[in-house]
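Q: Okay, handing you the structure first.
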Amino acid sequence: MYILSVDGGEEPPVGENMANKDITGLIKKLNEQGFEVERAKNNHWTVRKNGRRVTTLPSTPSDHRTMKNCLAYLKREGFKP
């Protein structure tokens with residue numbers, strides 16, 4: 001499990017499991033705004049706020065709507081892109 005934090009915590013693993021640049025940037029913004037992001041067993045990213053799961057981010061989005069759908073869920077929880 002990889003937990004990213006604003007204060008210089010762990011970075012996503014480099015190599016075949018490395019997150020897409022868009023996902024990596026989004027994870028950093030989420031942490032800055034108080035969301036908790038951790039790597040799940042299936043290599044996706046679980047996003048939580050106040051201990052409650054908000055959404056799951058893919059490690060590499062394959063559908064063109066993936067980022068838009070994830071952002072919609074996050075905005076409903078107070079995320080400001």
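Q: With every protein chain present, what accessible area does K80 have (1.4 Å probe, heavy atoms only), rounded to the nearest 10 Å²?
A: 140 Å²
Q: Work through the residues other than V54 whose Cβ is under 13 Å from its Cβ and net out their charges, Lys, Arg +1 and Asp, Glu -1.
A: Details: positive: R48, K49, R52, R53, K75, R76; negative: E36, E38, E77.
Net local charge, V54 excluded: +3.
Q: Can you flag which of K41/K80; K49/K75; K41/K75; K41/K68 are past 20 Å Cα-Cα?
A: K41/K80; K41/K75; K41/K68
The values are calculated or read from the model by the stated rules, or taken from the named source; none is laboratory data. Predicted model only: the values in this text are computed from it and were never measured. No Cβ is skipped: glycine too gets one built from the backbone with ideal geometry, and neighbour counts run over all protein chains shown. SASA here: full protein model, heavy atoms, side chains in, ligands and nucleic acids out. Shrake-Rupley method; radii C 1.70, N 1.55, O 1.52, S 1.80 Å.
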